[in-house]
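One structure is given below, encoded as structure tokens.
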Amino acid sequence: MSQPNAADAQGAGIKNTNAWSTRQLVTMALLCAIGVLLSFIEFPLIPGVTWLKYDASAMPAMVCGFAFGPGSGLAVGIAGAIIHGILMADFSGAVMNILVVIGFVLPAALIYRTGRTLPRAIVGLVASVVAAIIMAIIGNLVITPGWLGVPVDAVVAMIIPILVPFNLLKAIINAVLTLAVYKSISNLITPRKNQVRGR
């Protein structure tokens with residue numbers, strides 16, 4: 001018996017349940033690879049606080065979240081964090097990065113999905129900046145004492161003078177980079193049906 005082709009299936013009312021096309025998967029893999037590479041380009045943002053270093057690895061995940069939705073963005077960001085953690089043998093760092101990626105990608109991608117406009121993107125990124133800071137603080141309060149043995153009191157003492165400024169700067173830089181990069185490449189990676197002129 002012959003198998004029904006795509007046209008027959010469409011005519012019979014059968015929908016393709018594959019959420020991610022081959023092109024989208026290839027694009028996601030490329031963005032994940034870029035994120036992993038960027039994770040190794042790091043430098044401190046606050047003088048005297050050399051153990052906290054900025055990298056732009058969350059930016060490709062956010063670009064993917066804007067282009068394909070929150071699920072795709074999270075998949076790229078989490079996969080990149082896991083790969084970096086494996087390469088560096090840094091489990092606690094991987095968990096911390098996953099938390100921050102969730103905070104950074106999810107709010108903006110969800111908000112942008114409701115209306116693919118620049119104002120929506122900006123509102124979403126503002127929400128993501130706040131969420132990323134909160135997730136970073138939670139991660140430091142849980143992971144730093146649990147895995148690195150730093151007393152909780154010492155972590156609490158760093159929240160206002162160190163953790164908040166660093167993560168605020170990091171999230172703002174990533175948000176600005178996301179807007180610049182996504183505007184430049186959006187119509188190259190976004191499905192044609194979702195493209196918006198002047199976006």
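The values are calculated or read from the model by the stated rules, or taken from the named source; none is laboratory data. These numbers were taken from a predicted model, which means no experiment stands behind them. Virtual Cβ from ideal backbone geometry, glycine too; neighbours counted across all protein chains shown. Ligands, DNA and RNA are excluded from the accessible area calculation, which covers all protein heavy atoms including side chains. Shrake-Rupley method; radii C 1.70, N 1.55, O 1.52, S 1.80 Å.
Name the residue, out of Gly93, Gly139, Gly115, Gly103, that is over 23 Å from Asp55 (Cβ atoms) and not polar (S, T, N, Q).
Unique residue meeting the criteria: Gly115.
If the requirement is being over 30 Å from Leu25 (Cα atoms), touching a residue at least 12 places away in the same chain (Cβ under 8 Å), open to solvent by less than 20 Å² (accessible area, probe 1.4 Å) and of a type outside the set (Gly, Ala, Ser), which of these qualifies: Leu169, Leu163?
Leu163
Quick check on my filter: what residues within the range 97-115 are open to solvent by less than 50 Å² (accessible area, probe 1.4 Å) and either without any contact (Cβ under 8 Å) to a residue 24 or more places away in the chain or out of contact with any helix residue (DSSP H, G or I) (no Cβ under 7 Å at 6 or more places or on another chain) (or both)?
Ile98, Ile111, Gly115
I'm trying to understand the selection: among the residues of the range 146-155, which are over 18 Å from Gly48 (Cα atoms), hydrophobic (A, V, I, L, M, F, W, C) and open to solvent by less than 80 Å² (accessible area, probe 1.4 Å)?
Passing the criteria: Val150, Val152.
Cβ-Cβ distance below 7 Å, separation of 6 or more or different chains: which pairs start in the range 60-86 with a residue that is more than 18 Å from Ile111 (Cβ to Cβ) and small (Gly, Ala, Ser) and end on one that is in a helix (DSSP H, G or I) and open to solvent by 30 Å² or more (accessible area, probe 1.4 Å)?
Partner pairs satisfying both residue conditions: Ala81/Asn97; Ala81/Ile98; Gly85/Phe91.
Of the residues Ser72, Ser57, which is surrounded by 15 or more Cβ atoms within 10 Å (Cβ to Cβ), under 15 Å from Ile98 (Cβ atoms), at pLDDT 95 or above and within 17 Å of the chain's Cα centre (by Cα)?
After applying the criteria, what remains is Ser57.
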